[in-house]
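Right, one structure below, let's go through it.
Laboratory data are not the source of any read-out in this text; all were calculated from the coordinates shown. For clarity, every value in this text was computed on a predicted model and none was experimentally measured. Cβ placement follows ideal geometry from the backbone for every residue including glycine, while neighbour counts extend to all protein chains displayed.
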Amino acid sequence: MSDTLLIIEDNAQNMYMMKFLLEKAGFSIAEAENGKKGIELARKLNPKAILLDIQLPDMDGYAVLNELKQDTDLKIIPIVAVTSYAMAGDREKILDSGANGYIEKPIDPERFVESVKSYLISETAAKKNGNGNGNGSRDRE
Ligand code: MN
């Protein structure tokens, strides 16, 4: 698994801010401005985590989540929803849909990187989960 994080976000300003903060913290960033491209890049790059906007122009974030979590090779990649949906119940809906974490917009530049890091699988866990032996054990779905 690379140190690349994939950001799926259609708003250029949000993309810029997240990319800026994460690159400053030493990550490489791959960018997708829609869900289709995001899924393609996830397959190609096997990123360490995916930051996912929910309101996207083509497929919405729930559809992206669904597709990634149904893919045997991709489902162990942590997905962090980054969204301004502030209505009651959305957090739960997003986590129920398979996201591993949730960060609310507008993002807080002081805390964003630490929040993202807290959702990354440790190297050991990644190796254990990624060895392809298919013993079926997963810490969380
Ligand atoms: Mn959006």
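Which far-off residues, 5 or more places away or on another chain, put their amide H under 5 Å from the one on residue 81, with H placed in the peptide plane?
Under 5 Å from the amide H of residue 81: 52, 100, 101, 102, 103.
Would you mind putting 70-78, 52-60 in packing order, based on average other-beta-carbon counts within 10 Å, highest first?
In descending order of packing, they fall as 52-60, 70-78.
Using modelled amide H (1.01 Å from N, peptide plane; none on Pro or chain starts), what sits under 5 Å from the amide H of residue 30, excluding residues fewer than 5 places away?
The list, which skips near neighbours in sequence, is 5, 6, 7.
How would region 4-129 be classified by its alpha-carbon gyration tensor: rounded, prolate or oblate, with rounded meaning a/c under 1.5 and the a/b versus b/c comparison settling the rest?
It is rounded, given that a/c, with a ≥ b ≥ c, falls under 1.5.
Mind checking the full-extension length gain between residue 44 and residue 91? Use 0.36 nm per residue of separation minus the Cα-Cα distance, one decimal, nm. Could the numbers behind the result be given before it?
Details: separation 47, 0.36 × 47 = 16.92 nm, distance 2.88 nm.
Extending this stretch completely gives an extra 14.0 nm.
In terms of Cα to Cα distance under 20 Å, which lysines are near enough to residue 93, apart from those fewer than 8 places away along the same chain?
69, 75, 105
How far apart, in nm, are the 7 Å Cα→Cβ label points at residue 84 and residue 67?
In this crude label model, residue 84 to residue 67 measures out at 2.4 nm.
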